Amino acid sequence: MTARHFLAVVALVQGVLLAALLMLIVLNRWFRLRRRARVHPRRLAVEGVMQRWALGQADVRVVLAQLARLPVSLAVDAIVSWSARVPGDRWRQLASALEREWWARMVRSNSNSARWWKRLETARFLSVAATPADTARVLKLLRDPHPAVHIAAVATLERVENAALATAALERLPHLAPTVSAYYAGMLRRSRAVVVQLLLTRLARADDPALARLAEFAARLQEPALREALTALARHRDPEVRTQVARALGAFPHPASIAALTPLAADARWPVRAQAARSLGMLADPVSLPLLRAALRDPDWWVRMRTGLALTRFGPSGRNALLDAEVGADQNARDMARLVLGLSPQALAEFAA
Amino acid sequence: MNELIRDANLAILFYFLALNSFYALLLVLSIPEIWEQTRLAEDEDFQRLMQSDALPPITILVPAYNEQKTIEASVTAILTLHYRNYEVVVVNDGSKDETLEALRHAFDLYEIPRTYPETIPTKPLRALYRSRTRTKLVVIDKDNGGKADSLNAAINAGRFPLVIAVDADTLIEPDALLRLTRPFLLGRRIAAVGGTVRVANGCVVKHGQVTDARVPHGLLPGIQVVEYLRAFLFGRLGWNRLGGNLIISGAFGLFRKDHVLAIGGYHPTSIVEDLDLVVRLHRYLRSRKVRYEIPFIPDPVAWTEVPESLRVLARQRERWQRGLVAAVWQYRGMLFNPRYGRVGLIAVPFYAFGEMLAPLVEVFGYGITAVGLALGVVNVPFALLFILVAWGYGMLLSLWAVVLEEVSFRRYRRSGDLVRLVLFAMLENFGYRQCGVWWRLRAFFSMGGRKHVWGEMTRRGFETATK
């Protein structure tokens, strides 16, 4: 074959491919428009009937009938988006009714699918429609190798209180990337009773490499039963653990919290000191005022900033402390006091958030 | 002589065969990638994510130079993004107009002391401000030092572990940050992640947001829509699978701050700072054997205005090519170097021999064909066939990008827009491509020229673009 023949063949193939691509573009748009024309009214019907059902004006069987008319993926989308808008008891009624639906059974059976997107669909469905009978399925999805699947599955904990699921998620939490771990923590907050017991056991192990993560999670829970376990970690050698403890103790108004925060406010690491100052502000106990007055002279700007903001939570006495610092001898404290006193209430609220 | 011309023709033929085969590979690889990304994007539960405090905090870096008229609207639009935890650091790079005054007036700024270390050296800071009305906002006023220098100043001031550089004249879709953080939520080891940049010309823009995506009627911006689709939807998606994305758009890319600090931030003397940053990031992470990914994800979108005049477009393309040549030369040590893995063995060689040298080879090809025709060594049908194949291949790639857009995101809903997209994909090879080759070729001869400080794009402005 000569170069010319070769080029001629290539040109021919290109011509065919170009025509095929043009056809593909046209057909794709045509099919989509047709599909939309077919499915869109059904989606609107589901929206309407869901709305009526949520208001108690329609029977759940009507909802099920309309959902069954949608393609499965759209039915899953519909129930996921409506799950946040319907009260819990009423939603549970729909979830149990869905157990008998053919398409819901099909979605459930996909938890064993070799294709991750099918398992993802199942996980999304179960995150809003799981019943106690789905525990084994959700457990399996929680251990799924595809991150999107187990992240979707962990959302089941928002609606289902189940010790086995909570334990599995908590066991996995410290080993996940920070962002995923934080997401898990958010979901686990709903299963408080189980989680608190598990955390008490884990926080007692001072050599646990996952301690910082667990302490961080404990801080998010703001559970009084965890206070003692957290104060016991205030002198832990890992600064990250101390930072998390300092952050957490602000949620526990108790003399023991102040006692634990006092050494943390003088910690060698500035993130620990900053969190301790913030927590002392949240507790707003007059006993800690002298400590905060001193912290306003801290060499680190963020510690001073957190201290200044903390003082604003003490009412008139904190304001007086700031006014004193504004005309005091220390330049850093003067600047910070001036800055904080100049902040608008909105800015203070946003900083506190 | 005849032998020489014949051999040269054959060499050019093989060059384009190899290059186009590689493009075909990228094209094939883009199919599973866009499919996966589309599935993930469609299944994402944004309400749940928005309510979650798991989202990583982000510092948005906004360098500004002489943006007095638009800065308030740009910053306000950025401050209304749907994301829970972020701060905005605006850098006034010694503007000659009233940019700082505009910011001060709009956001009630108050001066604060600089308390963070200058990890990356920059031009002297004049002052640092916070806003009394918008606590997410920090404003830096500094001596003029260029865009890279401004970005470095903003990185120094940022508090959060992720940074994203945004041009003051880029419109980010409200949920784009949320979508951009998806790889982090999937627990991947991300060093940087890029989103799609689309052409805003012709679109309807209201209150800093694109409310109706349109394909412009003008030939120049219209062809650039196809170009951008091609570059993003199959080029970068294909590179995802090859593990060597070398470009994360400077207008819309999210980076891990600790990595950026470790490589010394943006290079103030680089011509194209985003390419330079990503190549250095690869070099740094590969040489330290850090496991990382620099993916591109297609559904987060930022809109930008593209040049509508040949003069401005020529300047832009010439600058991009100069940046590429400078980067390839500067990091030539990575070329075919197995120490840098697929980046050294595939990505850098592709950019060196495929992207950088392509205009040289193409012009040489036109020249040698002309000489061959004159001497009777190359016959006319062969030359025409060659040109037909080369242009046909270009059309195929552009049409493929349109197909990917159609089967995935379908931003352009009207049939008229689709027709124009197809038309521009066809027309691109007739004149526009040759102009592009010429502009890129000129870059080789202006390498020693002026350094890039701030882009000199002439903009019509978003709100007026559709009138």
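Observations on the model:
- Screening region A:279-311 for residues that are away from chain B (no Cβ under 14 Å) and polar (S, T, N, Q) and picking the one that is nearest to A:VAL340 (Cα to Cα) gives A:SER279.
- Candidate set: region B:205-223, residues that are under 20 Å from the mean Cα position of the chain (by Cα) and outside any loop (DSSP other than H, G, I, E, B); chosen: the one farthest from B:PHE430 (Cα to Cα): B:GLN209
- Only one of the numbered conditions (1) surrounded by fewer than 22 Cβ atoms within 10 Å (Cβ to Cβ); (2) aliphatic (A, V, I, L, M); (3) within 13 Å of chain B (Cβ to nearest Cβ) is violated by A:VAL86, and that is (3).
- A:ARG52 vs. criteria of a type in the set (D, E, K, R) and closer than 26 Å to A:LEU120 by Cβ: no
- Members of region B:377-418 that are under 20 Å from B:THR38 (Cβ atoms), more than 24 Å from the chain's Cα centre (by Cα) and at the interface with chain A (Cβ under 7 Å from one of its Cβ atoms): none
- Test set (1) surrounded by fewer than 22 Cβ atoms within 10 Å (Cβ to Cβ); (2) assigned to a helix (DSSP H, G or I); (3) touching a Lys or Arg at 6+ places or on another chain (Cβ under 7 Å) - A:ASP144 fails condition number: (2)
- When the strands (runs of 3 or more DSSP E) confined to region B:99-191 are screened for residues that are within 14 Å of chain A (Cβ to nearest Cβ), those reaching at least 2 such residues are found at B:109-112, B:125-131, B:137-142.
- Residue in region A:31-51 that is of a type in the set (A, V, I, L, M, F, W, C), closer than 21 Å to B:GLU406 by Cβ and either more than 41 Å from the chain's Cα centre (by Cα) or facing chain B (nearest Cβ under 10 Å) (or both) present: yes
- Residue check, A:VAL303 crowded, with 21+ Cβ neighbours inside 10 Å, within 19 Å of A:LEU203 (Cβ to Cβ) and out of contact with any Cys (no Cβ under 8 Å at 6 or more places or on another chain): no
- Residue within region A:167-187 that is closer than 14 Å to B:ASP45 by Cβ, touching a Leu at 6+ places or on another chain (Cβ under 6 Å), of a type outside the set (A, V, I, L, M) and assigned to a helix (DSSP H, G or I) present: no
- Among the residues here, B:PHE364 does not qualify as surrounded by 21 or more Cβ atoms within 10 Å (Cβ to Cβ) and over 24 Å from B:GLY238 (Cβ atoms).
- Of all the numbered requirements in (1) crowded, with 19+ Cβ neighbours inside 10 Å; (2) free of Cβ contacts under 8 Å to residues at least 40 places away in the same chain; (3) away from every other protein chain (no Cβ under 13 Å), A:ARG105 misses one, and that requirement is (1).
- Residues (over 24 Å from B:LEU49 (Cβ atoms) and of a type in the set (S, T, N, Q)) located in region A:66-100: A:GLN66, A:GLN93, A:SER96
- Criterion violated by B:ALA18 - all others in (1) aliphatic (A, V, I, L, M); (2) touching a Lys or Arg at 6+ places or on another chain (Cβ under 8 Å); (3) modelled with pLDDT under 90; (4) in a helix (DSSP H, G or I) satisfied: (2)
- Taking the numbered list (1) loosely packed, with under 11 Cβ neighbours inside 10 Å; (2) closer than 19 Å to B:ALA24 by Cβ in turn, A:LEU55 passes all entries but (2).
- Count - residues of region B:380-389 that are surrounded by 19 or more Cβ atoms within 10 Å (Cβ to Cβ) and not aromatic (Phe, Trp, Tyr): 2
- Verdict on B:VAL278 being assigned to a helix (DSSP H, G or I), at pLDDT 90 or above and more than 26 Å from B:LEU177 (Cα to Cα): no
- Residues in region B:192-204 that are more than 14 Å from chain A (Cβ to nearest Cβ), surrounded by 21 or more Cβ atoms within 10 Å (Cβ to Cβ) and not in a loop (DSSP other than H, G, I, E, B) were compared, and the one that is farthest from the chain's Cα centre (by Cα) is B:ALA192.
- Any hit, region A:340-347, residues being assigned to a loop (DSSP other than H, G, I, E, B) and more than 36 Å from the chain's Cα centre (by Cα): no
- When A:ALA54 is tested against (1) under 25 Å from A:ARG108 (Cα atoms); (2) modelled with pLDDT of 90 or more, just one condition goes unmet, and that condition is (2).
- Among the residues of region A:269-326, the ones that are over 26 Å from A:ARG220 (Cα atoms) and among the polar types (S, T, N, Q) come to 2 in all.
- Residues that are touching a residue at least 12 places away in the same chain (Cβ under 8 Å) and surrounded by 15 or more Cβ atoms within 10 Å (Cβ to Cβ) occur at least once in region A:29-44.
- Qualifying residue in region A:152-159 (condition: of a type in the set (D, E, K, R), part of a helix (DSSP H, G or I), buried (at least 16 other Cβ atoms within 10 Å of the Cβ) and under 14 Å from the mean Cα position of the chain (by Cα)): yes
- Residue in region B:81-94 that is over 25 Å from B:GLY158 (Cβ atoms) and of a type in the set (S, T, N, Q) present: no
- Condition met for A:GLN66 (in a helix (DSSP H, G or I), crowded, with 17+ Cβ neighbours inside 10 Å and modelled with pLDDT of 90 or more): yes
- Test for B:LEU396: is it without any contact (Cβ under 8 Å) to a residue 12 or more places away in the chain and in a helix (DSSP H, G or I): yes
- Scanning region A:186-208 for residues that are surrounded by 23 or more Cβ atoms within 10 Å (Cβ to Cβ), within 14 Å of chain B (Cβ to nearest Cβ) and within 27 Å of A:GLN275 (Cβ to Cβ) turns up at least one hit.
- Residue ID - farthest from the other protein chains (Cβ to nearest Cβ), chosen from residues in region B:79-98 that are within 23 Å of B:LEU261 (Cβ to Cβ) and in contact with a Pro (Cβ under 7 Å, 6 or more places away or on another chain): B:ASP93
The values are calculated or read from the model by the stated rules, or taken from the named source; none is laboratory data. On a predicted model such as this, the values are computed, not experimentally measured, just so you know. Please note: Cβ atoms are built from the backbone with ideal geometry, for glycine as well, and neighbour counts cover all protein chains shown.
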